[in-house]
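In what follows, a structure is listed as structure tokens, so that the remarks can point back to it.
Derivation of every value follows stated rules applied to the coordinates shown; laboratory data play no part. Bear in mind the structure is a predicted one, so any value in this text is a computation, not a measurement. Cβ coordinates were reconstructed from backbone atoms using ideal geometry, including for glycine residues, and neighbour counts include every protein chain displayed.
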Amino acid sequence: MKKLIALGLTYAVIQILIMTNLISDYLQATLVTICINIILAVSLNLITGFTGQFSLGHAGFMSIGAYVCALITMRTSTIYGFIIGVFAGALAAAIMGFLVGLPTLRLRGDYLAIASLGMSEIIRIIFLNLEITNGAAGLNNIPQFVNWTWLFIFMTATVLGISNFIKSSHGRACISIREDEIAAEAMGIDTIKYKVIAFVIGAFCAGIAGALYASYFYFIKPDLFGFLKSVDILVIVVLGGMGSISGSILAAILLALISTYLQSFPEIRMVLYAAALIAIMIFRPQGLMGSRELSLEFIGELGNRLKSRKGRV
Amino acid sequence: MTILNANKVTKSFGGLTAVAKASLKLEKGELVGLIGPNGAGKTTLFNLLTGIYTPDSGTISLYKDGQEIMLQGLRPNKICSNGLARTFQNIRLFKDLTVLENVLIAMHKNVKYGFVPSFLHLPYYKKQEQELINDSIELLKIFNLDDKKDELAKNLPYGEQRHLEIARALATNPVVLLLDEPAAGMNPAETAELTRIIKEIRQKFDLTILLIEHDMSLVMNICERIYVLDYGMVIASGTPEEIRSNKRVIEAYLGEEVNNA
């Protein structure tokens with residue numbers, strides 16, 4: 001119940017800020033980026049942070065969602081077309097995830113990292129050469145349906161869905177693979193099945209994120225979904241803490257804010273961004289949140305610790 | 001009534017034959033020991049029985065509800081769900097998870113809810129989760145771990161980690177339990193406590209137990225039969241008294257007698 005109230009408040013406050021133009025168009029673009037990055041990071045965290053499978057292909061799944069949704073909405077430019085587009089894009093990404101995951105996840109170790117990297121490059125090259133995707137020039141004038149309300153709905157649905165999944169027995173099965181694959185298998189967990197499931201759910205959510213991206217920024221090209229985009233998402237996950245959903249959310253917000261703030265220093269922007277990343281990793285090698293979650297109890301605990309520290313001084 | 005029958009199981013790694021035509025039979029309800037010098041292939045044999053390795057040749061059958069289930073070639077999770085559970089010599093707990101979570105994961109095969117309820121947390125889901133938690137706590141009580149259920153597994157003292165390994169194996173609801181050196185590194189008091197627990201769970205869960213152990217006092221004390229493995233071969237089997245006086249066993253442990261020159 002507390003959760004619902006907090007969510008409702010967040011939605012309402014930002015909606016009012018947008019309606020009263022206190023959030024400018026520029027800031028709104030940052031807000032959209034944050035929401036999309038949250039979906040991407042939380043879904044990659046399910047694969048990498050919780051199930052322990054190192055994937056470098058998240059941008060590939062995102063691009064499938066983006067292109068499928070774009071192509072559908074450009075033909076049926078209605079709100080129904082948009083909803084169908086988002087789900088078709090997510091489904092296409094999930095099917096791709098299944099096809100890549102099934103052979104590579106049977107193996108233990110880092111094969112997935114290489115295979116997923118290869119996959120996302122193949123997808124990019126395919127989009128670069130297809131006629132229907134307009135090659136390197138990309139797709140322009142994609143109908144814009146996404147607004148704060150849609151973003152909020154999809155973001156909360158994916159974040160709540162994944163965090164619920166993690167707490168269920170199926171989620172625990174995924175976590176046990178990260179902890180000790182051999183022991184998990186010996187305890188009756190079908191490790192291949194759960195690795196593939198985590199991968200497919202992650203791909204599905206990345207597809208949603210891609211669809212939202214295409215529909216908000218109304219322009220996509222293959223270069224947007226290269227290797228660097230995958231690394232960007234991975235950076236958010238590692239920075240927030242592997243295995244912490246609230247960590248991913250915090251890191252997505254923090255990095256977007258740093259990046260936006262640094263726009264005023266264009267010459268040294270990337271240098272400062274990198275320096276900030278290095279600094280955070282030096283002082284919090286386990287990520288901002290480690291593998292913990294931000295909750296009311298956690299904040300209370302922090303408060304108590306601070307109090308006892310003061311008491312000692 | 002035979003419950004587990006390994007027939008001429010062989011496994012080589014390159015040129016080394018770790019287990020050579022080893023045959024082993026467990027009767028229902030028995031408590032059997034598996035001993036042998038270091039490197040004799042005891043743990044390899046466990047890994048073959050539980051599917052972590054696939055045997056090069058030989059068969060392994062489990063008899064359950066009057067049916068014969070062939071275990072060789074099955075994946076470890078399938079073997080586990082058929083009722084063969086194990087612990088590990090070098091403790092393999094999910095160490096960054098809590099005691100309760102360790103047991104809950106092993107109970108996974110009892111879960112009836114599908115994926116959709118796990119995303120939505122429907123009431124039906126909550127009821128089942130609560131049942132799982134209650135069952136897990138019941139199980140932890142046997143090992144006096146119920147009041148430590150929220151501790152991380154890695155923070156438990158060594159002896160309790162060993163207990164948790166057994167609890168986790170029991171959570172899979174096995175008919176045959178394989179214990180790999182459960183008393184390793186324990187002091188005599190802890191070993192005595194472990195002996196009591198093994199006897200208790202055997203009664204309570206109607207188990208057949210096969211255990212690898214170097215602690216002879218434990219083996220001779222609770223095992224009804226003993227298999228002795230050396231260089232991957234079964235060199236002797238019988239009651240503790242028979243094993244104690246078996247010439248080949250003494251040779252395997254102490255070396256051959258030197259002939260008078």
Rg from C-alpha atoms of chain B, normalised by the globular rule of thumb 2.2 N^0.38 Å, equals 1.08
Connecting every pair of Cα atoms under 10 Å apart in chain B and solving the GNM, the largest mean-square fluctuation among B:GLY83, B:GLY39, B:GLY114 falls on B:GLY114
Given unit charges at Cβ for Lys, Arg (+) and Asp, Glu (-), the dipole magnitude of region A:199-313 about its Cα centre in debye, nearest 20, is 540 debye
Taking a label point 7 Å from the Cα of A:LEU294 along Cα-to-Cβ, the residues of region A:158-189 whose backbone nitrogen sits under 20 Å from it are A:158-167
Each label sits 7 Å from Cα toward the beta-carbon; between B:ASN221 and B:LYS247 the label points are separated, in nm, by 3.3 nm
A correct fewest-to-most ranking of A:SER244, A:SER63, A:SER264 by other Cβ atoms within 10 Å would be A:SER264, A:SER244, A:SER63
Here FRET efficiency (C-beta to C-beta, A:ILE182 to B:GLU138, R₀ 22 Å, nearest 0.05) is 0.20
Label model pair A:LEU306, A:ASP223: point-to-point distance (7 angstrom along the Cα→beta-carbon line) in nm is 4.6 nm
Rounded to the nearest 10, the angle in degrees between the Cα long axis of helix B:188-205 and the longest principal axis of the Cα atoms of chain B comes to 70 degrees
Toy charge model, Lys and Arg Cβ at +1, Asp and Glu Cβ at -1: chain B dipole around Cα centroid in debye, rounded to 20, equals 740 debye
Under the 7 Å Cα-to-Cβ spin-label approximation, A:LEU7 and A:ILE282 lie apart by a distance in nanometres of 4.0 nm
By Cβ neighbour count within 10 Å, fewest first, B:LEU93, A:LEU107 rank A:LEU107, B:LEU93
Rounded to whole angstrom, the alpha-carbon centroid of region A:64-128 lies from that of region A:37-53 at a distance of 16 Å
The alpha-carbon center of region B:151-227 and that of region B:68-112 are separated, in whole Å, by 16 Å
At R0 = 56 Å the Cβ-Cβ FRET efficiency linking A:ASN140 and B:GLU131, nearest 0.05, sits at 0.50
The longest stretch of chain A containing none of the trypsin sites (Lys or Arg not before Pro) that sit in a DSSP loop with at most 16 other Cβ atoms within 10 Å is A:109-291
Taking N as the residue count of region B:119-261, its alpha carbon Rg divided by 2.2 N^0.38 Å gives 1.39
Inverse of <1/r> over all distinct C-alpha pairs of region A:215-313, i.e. the Kirkwood Rh in Å, gives 15.7 Å
Cβ density ranking, 10 Å radius, fewest first, applied to A:TYR80, B:TYR227 yields A:TYR80, B:TYR227
Chain B, Gaussian network, Cα under 10 Å: of B:ASN47, B:ASN155, B:ASN102, the residue fluctuating most is B:ASN155
Unit-weight point scatterers at every alpha-carbon of the protein assembly as shown, Debye formula, q = 0.10, 0.11 1/Å: log10 I(q)/I(0) is -0.91, -1.03
Full extension between A:LEU262 and A:ASN21 adds, at 0.36 nm per residue less the Cα distance, a length in nm of 84.5 nm
Measuring from its Cα centre, the protein assembly as shown shows a charge dipole (+1 at each Lys and Arg Cβ, -1 at each Asp and Glu Cβ) which, in debye to the nearest 20, is 1000 debye
Taking Cα atoms only, Rg over Rh for chain A with Rh from the Kirkwood formula is 0.98
